[in-house]
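Below you'll find the structure, written out as structure tokens, and then a few comments.
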Amino acid sequence: MKLSDIFKKKIKKQKKTEVKEIETIAEKKPVHNAPAPTSKMLADAGGEAPKRETVKRKKSVATVYNIVSEPHISEKSMGLNEINQYIFDVFPKANKVQIKEAIEIIYGVDVLSVNIINIAPKKRRLGKIQGFKKGYKKAIVKVKAGQKIEIL
């Protein structure tokens, strides 16, 4: 008897046991063609539908400060401060809801509305070299009357 024959027998035994294990697993799994019960079906049957709980996640401080980069200071923005509107430079992919949450967390004020302005990149030229001045996004945030944000 050769050594290679011994190894072949072991491999054949392993394959047979693997086939048996697969067959037993297949027998244990029931196959159903019926759809999963919906909340309406449960309500019709007299049972109560399971309620989904919404989990409100708190944003980390680092994420909030990435959304709102800095206040935009200009003559117009200082004029708007008198009527409880403040202008901020924000992350270009941030939306109104994210900006509102970030301002409320950072400054501790109630935000009534958020308007967004996308400033397009502008052409600039230095001698023969042409380029673009970087574009950015501004947010005009309206705060509840009586509340203020100290910018300067």
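Any read-out appearing in this document is the output of simple, stated calculations on the displayed coordinates, not a laboratory observation. Fair warning: this is a prediction, and the values are worked out from it, not measured in the lab. As a convention, Cβ positions derive from the backbone with ideal geometry for all residues, glycine included, and neighbour counts pool all protein chains shown.
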> What is the pair-distance distribution P(r) of the range 61-143, computed from all Cα-Cα distances in 10 Å bins starting at 0, with each bin given as a whole percent?
Replying inline: 17, 46, 24, 10, 3
> Considering the dipole of the range 61-143 built from charges on the beta carbon (Lys and Arg +1, Asp and Glu -1) around the Cα centre, which of GLN85, GLY135, ILE67 is farthest to its positive end?
Replying inline: GLY135
> Distance in nm between label sites at ILE129 and ILE83, each 7 Å beyond Cα in the beta-carbon direction?
Replying inline: 4.3
